[in-house]
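Reading through the C-alpha cells given below for one structure.
Coordinate-derived values only; no laboratory data. Please read all numbers here as calculations on a predicted model, not as lab measurements. Cβ coordinates were reconstructed from backbone atoms using ideal geometry, including for glycine residues, and neighbour counts include every protein chain displayed.
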Amino acid sequence: MKALTPVALSLLATGFLAGCSPTVALEPAINANSPACANMTVRLPDTVADLPRRSVNAQATAAWGEPVAVIVRCGLPTPPPSTLPCASVEGIDWLRDDSDAPRFVFTTYGLDPATEVIVDSQVVSGTTVLRDLARAVGSQSAPIGECLDPSSVLD
C-alpha cells in the first residue's frame, strides 16, 4: 500500500472537515505573511472552474468546491531547478507533481515566494484552474526565473 504524502493527508483532513464545517481548515505556508501573498490573495476570484470559493482559516490560502477540489497556498519557498514537468499557463510557469494522482500539485516556478495549487483532477481540469487563477497569481511578484526546455540547457 502506498504511503500518503503530506499533501494527500492534508486534502484528506480537509475533506473530512469540509463536511462538518463551512470553513475549510488549511495549513499556511511558511511565508504566508509575505506582502506578495497578500497582494495575490485579495485578487483571487470568487469562482474557479465554476466552483464556488469557500471560507478558509489560514492566511494566504483559498479553497473552492464542495467538497474541496482546489486549494491555493502562497508563501512556499521558491523551488530550485527541477526535473518535474514545467509548463507556462497564461504567462505563469508551473511545476507539475503528479505523484499523488489524481490529485495534482502545481507550484509556481520563478515567483518568490512560490504559490501551490492542489487540484483534484477527478472534479476539475488543472489547466482550467490555472487559467482562472493566472491574473491573481501573476500579480503576486515579478518573475525571477522561468521554465526552460530541456534542449535549451544542452545548447
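In a simple Cβ point-charge model (Lys, Arg +1; Asp, Glu -1; nothing else charged), region 6-146 has a dipole of about 240 debye relative to its Cα centre. Only one residue of 84, 126, 42 has its Cα farthest out toward the positive end of the dipole of region 6-146, where Lys and Arg carry +1 and Asp and Glu -1 on Cβ, and that residue is 42. May I ask you to derive the relative contact order of region 6-146, considering only C-alpha pairs under 8 Å and at least 6 residues apart, and to give it as an integer percent? Worked out over region 6-146, it gives 24 percent.
Applying the Karplus relation 6.51 cos²θ - 1.76 cosθ + 1.60 with θ = phi - 60° to region 107-123 yields 3J(HN,Hα) values of 10, 4, 10, x, 10, 10, x, 7, 10, 10, 10, 9, 10, 8, 6, 7, 10 Hz, where x marks Gly and Pro. Can you give me the long-range amide H partners of residue 69? Hydrogens built in the peptide plane at 1.01 Å from N, cutoff under 5 Å, separation of 5 or more residues or another chain. Here the answer is 64, since their amide H atoms fall under 5 Å of that of residue 69.
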